[in-house]
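Participant: Quick one: the structure is below, and I'll ask about it shortly.
The values are calculated or read from the model by the stated rules, or taken from the named source; none is laboratory data. It should be emphasised that the depicted structure is a prediction, and the values quoted were computed from it without experimental measurement. Cβ placement follows ideal geometry from the backbone for every residue including glycine, while neighbour counts extend to all protein chains displayed. Surface areas here come from the heavy atoms of the whole protein model, side chains and all, with no ligands, DNA or RNA. Shrake-Rupley method; radii C 1.70, N 1.55, O 1.52, S 1.80 Å.
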Amino acid sequence: GGSAMAAAREVEIDPEGTFKYILVRLQRPGGGEQRDIVRGTKAAEFHNHIFEKINPEMEELGYECKCLGGGKIEHNSKDKKIRVFGLSTGYGKADHSVTVEILKKEYTDYEITWSDDKK
């Protein structure tokens, strides 16, 4: 029911700094509901570290995971700004415009922008 959906929060990113992120599609086996989530953390040296951490968590909730790409997030909580940019060498570039729409739901009072800049 709704509890598994709620457990898979749409956005989990570090509260401050610049770090790698990935955009992940969660899907119910058999083509049921699907949703995209954003995960980013300074703790991850590589994009696949993030995926390897959340994949088993999401499988436990009954989702199949697919990484749609990655990039970087610059999170400035003091100025309430988030910038999405860059790409993942392994997964390719996420659609940053999709990422921004997801982030806007969580950070409603932020200025959130994206670009294809590398840094």
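Participant: Could you sort 88, 115 by their accessible area in this structure, using a 1.4 Å probe and putting the largest first? Write out the running numbers ahead of the final one.
Facilitator: Details: 88 5, 115 30 Å².
The ordering from most to least exposed comes out as 115, 88.
Participant: Another question about this same structure. Sum -39500 (n - 2.57) across every DSSP H segment of at least 4 residues in the chain, then divide by the residue count to get the 222 nm mean residue ellipticity, nearest 500. Could you put the intermediate results ahead of the total?
Facilitator: On the way: 3 runs with 31 residues, N = 119.
Rounded to the nearest 500, the figure is -7500 deg cm²/dmol.
Participant: Show me the ranking of peptides 73-84, 23-34 by mean Cβ neighbours inside 10 Å, starting with the highest. Intermediate results must be reported in sequence, preceding the final value.
Facilitator: Working: 73-84: 16.5, 23-34: 14.2.
Packing proxy ranking, top to bottom: 73-84, 23-34.
Participant: Provide the percentage of antiparallel DSSP beta bridges, counting only those with both residues in the chain; round to the nearest 5. Walk me through the numbers on the way to the answer.
Facilitator: Values: 25 of 33 bridges.
Here the share of antiparallel DSSP bridges comes out near 75 percent.
Participant: To continue, here is another question. What part of the accessible area of region 1-88, given as a whole %, is carbon or sulfur when the probe is 1.4 angstrom?
Facilitator: On the way: 2150 of 4390 Å².
Ligands and nucleic acids excluded, carbon and sulfur give 49 percent.
Participant: Kirkwood hydrodynamic radius of the chain from all distinct Cα pairs, in Å? Kindly include the intermediate steps, with their values, before the conclusion.
Facilitator: Details: mean 1/r = 0.0699 Å⁻¹.
Kirkwood hydrodynamic radius for the chain: 14.3 Å.
Participant: Once you charge only the Cβ atoms, +1 for Lys and Arg and -1 for Asp and Glu, what is the size of the charge dipole of the chain about its Cα centre, to the nearest 20 debye? Mind dumping the intermediate values first?
Facilitator: Details: 19 positive and 21 negative charges, 53 e Å.
In total the dipole reaches around 260 debye.
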